[in-house]
Amino acid sequence: ERYPLVKLVYGGANFDGEMGCEYARGIGWIDYVVTGEGDIAFPHLLNAIADGTEPLAAGIQRPGALRTEESPRVRDLNALPVPEYSDYFTTLARLDAARVLGDTVVKLPVEFSRGCWWGAKHHCTFCGLNALGMSFRAKSGDRAVAELSTMIERYQVVHIEAVDNILDMKYLDTFCADLAEQRWDMSIFYEVKANLTREQIGLLARAGIHRIQPGIESLSTNVLRLMRKGATKLINVRLLKWARYHGVSVQWNVLTGFPGESDDDYREQAGLLPLLHHLQPPVGGGRIWLERFSPYFTDPSFPIKEVRPRASYRHIYPPDLDHHKIAYFFDYEAESIASPEAHQALASAIGDWRQRWNDERKPSLIYQRLPNRLTIIDKRGPAPRKVALTGWQAAAYQHCDDTARAPHRVRERLAEQGYDVPEERIDTFLEACCRAGVMIAEDRKYLALALPENPGW
């Protein structure tokens, strides 16, 4: 009203699909909406405004001229310019950074890829990210290193936030390997898949990727299957184990409320958690959100009923908008989920874990390795415990260290070391380790929980 000649242009994730159309239709003071990626459509719109012509590119909408198609997507991310943040840092310096920020550090957003390579194959049932454009595109490893180098040199910032949905696995051999050689003293946050191995997590740490969000979401293999996560309980615990060993901070949550789950899924997890008190606990957890574009929202075969916009929308947005078209989050009722008591039992177990983790002396479970001997020192409980394994038993425990292994695989490893041990005896020993709480198992695969004491082993 005050500046009628100024054009108001909206875009971003909350304007994808029909959301953008409804905003453009229902809010008269919005001049234009860009739906989808703006790299191509937004400059086209600016040029049209400057020339006084009508923007006709796909993805540009205005009241009275709504278009259903999204803007074209960039296929070659190497063609994008290096992000320019000079205005921010100039303004920060003018306002006195210390006065504005206090002890808060500046975190530099960087983008190396778009989409999700896992989601393109198996869309996680609860995830609404990337709208309907899941195709994965990434900058080359060389370009990613060069861009990062340019920005940290230009802005002198050491805290980096990768906004990617998932780490490009090719980056392990390029981007991460190159950063590990550079040995720059920076701290990078990255979203990753939980199936990273011990060696790969060690590489991330050497590359400066000290904070990760691995999308663990659950420690129940059945619930993970319902999510389409492509992971298991043992894979997720393995990630927590080696992240703890390599000093990589893990940001993760436990999600609940998946159709098809059972109380047993949560009783199993609640019983597992005390064994993991030496590993980093989840930040929190709770019932899944119903997000637009997620399979739970788009696929009517799931038992998700009474879908309606989150109640908060009616307190914020004008009533003449169709809130079902602008909402990204929805309230709903789900069938065939575990009981509130089962969910609460797991939440209580998580609370206990977080409390133990906040103790001045964090719980620990380590092993000391010497010739023909392995000593496990358990300080997870109120009283420390110590047990010494020798001979083939010490070797068998260590063969289940880096990843979960079946008894016949352990037997093969032992044979290579000159131990001729029947598989039945190995199975009996591994089961005894599980009962002692120093190992966990699933589907006859066993994973050792103790961490090596030697940080360089």
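The values are calculated or read from the model by the stated rules, or taken from the named source; none is laboratory data. All of these numbers come straight from a predicted model, not from anything done at the bench. As a convention, Cβ positions derive from the backbone with ideal geometry for all residues, glycine included, and neighbour counts pool all protein chains shown. Heads up: the accessible areas ignore ligands, DNA and RNA and are worked out on the full protein's heavy atoms, side chains in. Shrake-Rupley method; radii C 1.70, N 1.55, O 1.52, S 1.80 Å.
Under the criterion of Cα pairs below 8 Å and six or more residues apart, the relative contact order for the chain equals 11 percent. When a/c reaches 1.5 or more, the comparison of a/b and b/c decides; with that in mind, is segment 1-92 rounded, prolate or oblate per its Cα gyration tensor? Here segment 1-92 falls in the oblate category.
Per-residue surface analysis assigns Asp443 an accessible area of about 140 Å², computed on protein heavy atoms at 1.4 Å probe radius.
Rolling a 1.4 angstrom probe over segment 1-159 with all protein chains present gives an accessible area of which 56% lies on carbon and sulfur atoms. When the chain is described by a simple charge dipole with +1 on each Lys and Arg Cβ and -1 on each Asp and Glu Cβ, the residue from Ala404, Val145, Trp184 located farthest towards its positive end is Ala404. About its Cα centre, the dipole of the chain is roughly 1180 debye, where the only charges are +1 on Lys and Arg Cβ and -1 on Asp and Glu Cβ. Restricting attention to the chain, close to 55% of DSSP beta bridges with both partner residues there are antiparallel.
Applying both filters, DSSP loop and at most 10 other Cβ atoms within 10 Å, to the trypsin sites (Lys or Arg not before Pro) of segment 356-391 gives Arg361. The candidates Val110, Val163, arranged from most to least accessible area with a 1.4 Å probe in the full protein assembly, appear as Val163, Val110. Take 31-37, 409-415 and order them by the average number of nearby Cβ atoms within 10 Å per residue, most first; the result is 31-37, 409-415. Left without a cysteine partner by the 4.7 Å Cβ rule in the chain: Cys21, Cys116, Cys176, Cys400, Cys433, Cys434.
If you take the square roots of the eigenvalues of the alpha-carbon gyration tensor of segment 99-217 and sort them as a ≥ b ≥ c, do you get rounded (a/c under 1.5), prolate (a/b over b/c) or oblate? It comes out prolate by the Cα gyration axes.
Express the relative contact order of segment 11-50 as a whole percentage, based on alpha carbon pairs under 8 Å and six or more residues apart in sequence.
Working: 34 pairs, mean separation 15.8, N = 40.
So the answer I get is 39 percent.
Measuring between alpha carbons in the structure, the pairs from Lys229/Lys445; Lys107/Lys229; Lys139/Lys193; Lys233/Lys386; Lys139/Lys233; Lys362/Lys386 lying more than 23 angstrom apart are Lys107/Lys229; Lys233/Lys386; Lys139/Lys233. Pairs of Cα atoms nearer than 8 Å and 6+ residues apart set the relative contact order; for segment 4-153 it is 18 percent.
For segment 35-85, the residue among Gly64, Pro43, Asn78 whose Cα projects farthest onto the positive side of the dipole built from Cβ charges is Gly64. When nucleic acids and ligands are ignored and a 1.4 Å probe is applied, Lys107 ends up with an accessible area of around 100 Å². Using the Cβ-Cβ distance between Lys170 and Cys434 with R0 set to 51 Å, the FRET efficiency from 1/(1 + (r/R0)^6) comes to roughly 0.85.
Heavy-atom accessible area for Ser301, with the other protein chains in place and a 1.4 Å probe, reaches approximately 90 Å².
Protection proxy ranking, highest mean first, for peptides 220-229, 143-152: 220-229, 143-152, where packing is the per-residue count of other beta-carbon atoms within 10 Å, averaged.
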